[in-house]
1. Going by average Cβ neighbours within 10 Å, how do the peptides 28-36, 86-94, 73-81 rank, with the highest at the top?
2. How many angstrom lie between the C-alpha centres of region 81-95 and region 32-70?
Amino acid sequence: MSFSEFDVTRRTRKRNFFNQIDYLIDWKPIEKAIAEHHAPTSDAASRPAYPALLLFKMLLTGIWYGRLSDESVEDMANANLHVMRFLGLSLEDDVPDHSVLSCIRLPIQLML
């Protein structure tokens with residue numbers, strides 16, 4: 001665990017909404033279902049693709065916060081420690097930008 005991860009853990013409440021969701025939901029079957037329909041290994045520029053579960057959780061975050069725009073979800077993932085932890089991101093990780101969310105929205109909605 002890095003120093004920044006220690007600080008993030010120390011500065012977030014243990015019983016927040018996102019921790020409770022992570023406790024209640026087994027993400028493995030959801031991740032498997034998403035991977036059956038969407039499993040790119042790289043993007044158009046040959047960079048590693050973001051995990052589909054991360055993108056799915058970002059879309060859920062936008063819904064749970066009242067239908068946020070993709071730009072607002074990106075901002076929350078960058079600024080809100082609880083959201084960052086829920087998404088499985090550390091302070092050092094890149095956050096997918098709003099254009100990535102826009103591209104993934106339709107395939108995931110069709111899957112549901």
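Nothing in this text is a laboratory measurement; each read-out follows from the coordinates by a stated rule. Predicted model only: the values in this text are computed from it and were never measured. Note: ideal-geometry Cβ built from the backbone for every residue, glycine included; neighbour counts use all protein chains shown.
1. Result, highest mean first: 73-81, 86-94, 28-36.
2. Region 81-95 and region 32-70 have Cα centres separated by 14 Å.
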